[in-house]
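First up is the structure itself, then whatever we jot down about it.
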Amino acid sequence: MQQINGGALTIRPSEIKDARELIVLDNMIWTEDTTPGPLMWRSREDYLLHAPPGSQLVALQEGVLCGYVGFGCPSGMESNRHVCEVNIAVHPRFQRQGIGGMLIEAIKRHAAAHGIRKLRLRVLSSNEPALAFYRKCGFHEEGRLKDEFYLSGHYVDEVFMCCMLTGGNEDGSHFA
């Protein structure tokens, strides 16, 4: 994938050298407000097994990693290769600057170019800012698991959202 430059912002595939900053960002962003359970990376190597280089697009502003969108096939089934599950995180210092939207647009282009027809994600129903952001980016609710998690003394739904892509006419089997 080519680098995308918008002024001082570059979006590119993740590299091994990004691992430390990505782990720090994960620990900062993924809290009980945004995920049903804590992320537990035992080591840099453990992180890289779960998020190998190239499985994310990272956003850098003047060389500083400010966010990422992770992506991958939701199952190993051949019949599901046209679907890609995504997750996104933007450093709090860089939020509300359009970086998240640029990351979503970048993954849409990347996925469609590799035969992906559908992007999907999961979000907690209590995370209203994320729900509004995803709707603004063209995602819509596809399903919901009622009272799936008990967080901070309340039951919370898990919301499934998707965005259909145009131009993806292949099966996605060469998506990387």
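The values are calculated or read from the model by the stated rules, or taken from the named source; none is laboratory data. Source: prediction; values computed, not measured. Cβ atoms come from the backbone with ideal geometry, glycine included; neighbour counts cover every protein chain shown. When the accessible area is computed, the model is the full protein with side chains, heavy atoms only, and any ligands, DNA or RNA have been set aside. Shrake-Rupley method; radii C 1.70, N 1.55, O 1.52, S 1.80 Å.
Structure notes:
- Among residues of region 33-45 that are closer than 12 Å to Arg20 by Cβ, those with a Cβ under 8 angstrom from a residue that is open to solvent by 60 Å² or more (accessible area, probe 1.4 Å) and of a type in the set (Lys, Arg), sequence gap 6+ or separate chain, pair up as Arg44/Arg20.
- Region 142-166, residues that are closer than 21 Å to Arg117 by Cα, open to solvent by 40 Å² or more (accessible area, probe 1.4 Å) and either touching a residue at least 24 places away in the same chain (Cβ under 8 Å) or in contact with a helix residue (DSSP H, G or I) (Cβ under 8 Å, 6 or more places away or on another chain) (or both): Phe160, Met164, Thr166
- Spans of strands (runs of 3 or more DSSP E) in region 80-158 with at least 1 residues under 23 Å from Pro13 (Cα atoms) and modelled with pLDDT of 95 or more: 83-90, 118-124
- For region 41-68, taking the residues that are touching a helix residue (DSSP H, G or I) at 6+ places or on another chain (Cβ under 8 Å) and part of a loop (DSSP other than H, G, I, E, B), the one that is modelled with the lowest pLDDT is identified as Trp41.
- Single residue of region 10-40 satisfying the filter (among the hydroxyl-bearing types (Ser, Thr, Tyr) and modelled with pLDDT of 90 or more) that is nearest to the chain's Cα centre (by Cα): Ser14
- Set Leu124, Leu103: member being under 25 Å from Asp18 (Cα atoms) and out of contact with any helix residue (DSSP H, G or I) (no Cβ under 6 Å at 6 or more places or on another chain): Leu103
- Selection status of Phe71, hydrophobic (A, V, I, L, M, F, W, C), part of a helix (DSSP H, G or I) and closer than 27 Å to Ala19 by Cβ: no
- From the list Glu85, Glu45, Glu32, Glu62, the one residue that fits, being within 22 Å of Arg122 (Cα to Cα), of a type outside the set (Val, Ile, Thr) and either open to solvent by 80 Å² or more (accessible area, probe 1.4 Å) or in contact with a His (Cβ under 9 Å, 6 or more places away or on another chain) (or both), is Glu32.
- The set of residues in region 118-141 that are open to solvent by 50 Å² or more (accessible area, probe 1.4 Å), in contact with a Cys (Cβ under 9 Å, 6 or more places away or on another chain) and under 17 Å from Gly70 (Cα atoms) contains only Arg120.
- Residue-level check: of (1) under 16 Å from the mean Cα position of the chain (by Cα); (2) closer than 21 Å to Ala59 by Cβ, Phe160 misses just (2).
- Top-ranked residue of region 65-82 - restricted to ones that are without any contact (Cβ under 8 Å) to a residue 12 or more places away in the chain and not small (Gly, Ala, Ser), ranked as least open to solvent (accessible area, probe 1.4 Å): Asn80
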